[in-house]
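Here's the structure we're looking at; comments come further down.
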Amino acid sequence: MSNALIIIDIQNDYFENGANPLKGSYEASLNAAKVLEHFRENHWPVIHIRHISKRPGSTFFLPDTVGSEIHKHVFPLKDEKVVIKHYPNSFRDTELLKLLQERNVTNLTVCGMMTQMCVDATVRAAKDFGFEVTLIADACATKDLTIQNKSITAENVQNSFLAALNYFYAKVVSTNEYLS
């Protein structure tokens, strides 16, 4: 079985002073960097996902902006593939599935941002494509949301989405659990 690391949208706009800052993005990026280093040390495949928005009226991940660049904590090495996407699902209209199949990857380790959007969509699609997925909970981040005039804290959003993915779609673990 071959394992690959997928780092989803850890981009500057999700950090302090970015166009769409998330709660805990800095800490999540440090945990993602630890997992990334583990993959690099073992010479295992790493694929970075970078969202570039083409949606009219979008306010972040705009083309040719510093905000859309991958954050320095997980910046790709020259031999690491970067897949550009325009939708939450990292497989939609991208070369991701082909890249994984060419490398005979069967297991994915996933981390990134936002938990309730691009991470969720990608993990569910990965399972549908037959991959076994391990999701690094504390290497993901999200933000406060509202629905029907109710506020949901980022912590509750994070826990709810991770709980929903755990069991069938992914094995959800912490960075320390994964690395030990």
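No lab work stands behind these numbers, since they all come straight from the coordinates. No experiment lies behind these values; they were computed from the predicted model shown. Heads up, the Cβs are rebuilt from the backbone with ideal geometry, glycines too, and the neighbour counts pull from every protein chain shown.
Across region 88-97, in residue order, what do the Karplus-derived ³J(HN,Hα) couplings come to in whole Hz, using 6.51 cos²θ - 1.76 cosθ + 1.60 with θ = phi - 60° and x for Gly and Pro?
Result, rounded to whole Hz: x, 6, 5, 8, 5, 6, 10, 8, 4, 4.
So I have (i) 8, 23, 33, 24, 10, 2, 0; (ii) 9, 33, 34, 21, 3, 0; (iii) 10, 41, 38, 10, 1, and one of them is P(r) over Cα pairs in 10 Å bins from 0, in percent calculated from this model. Which one is it?
This structure yields the entry labelled (iii).
What is the distance, in nm, between label points placed 7 Å from the Cα along the Cα-to-Cβ direction at LEU99 and at SER2?
1.3 nm
Give me, ordered by chain and number, the residues 5 or more places off LYS23 or on other chains with an amide H under 5 Å from its own placed amide H.
THR142, LYS143, ASP144
Name the residues whose placed amide hydrogens come within less than 5 Å of the amide hydrogen of LEU135, ignoring near sequence neighbours (fewer than 5 apart) on the same chain.
VAL110, LYS171, VAL172, VAL173
Just report the Cα centroid separation between region 78-116 and region 8-37, whole Å.
First find each Cα centre; the distance between them is then 17 Å.
Would you mind ranking ASP128, ASP79, ASP144 so that the residue whose beta carbon has the fewest other beta carbons within 10 Å leads the list?
So the ranking, lowest neighbour count to highest, is ASP79, ASP128, ASP144.
In straight Cα distance, which lysines are under 25 Å from LYS23, not counting same-chain residues fewer than 8 positions off?
Within the straight-line cut-off, LYS23 pairs with LYS34, LYS54, LYS72, LYS85, LYS143, LYS150, LYS171.
Could you work out how far apart the two model spin labels at TRP44 and LEU62 are, taking each label as a point 7 Å from the Cα in the direction of the beta carbon, and quote it in nm?
Result: 3.8 nm between the two label points.
Test of understanding: what is the full-extension gain from SER174 to GLU155, defined as 0.36 nm times their sequence separation minus their Cα-Cα distance?
In short, 5.3 nm is gained.
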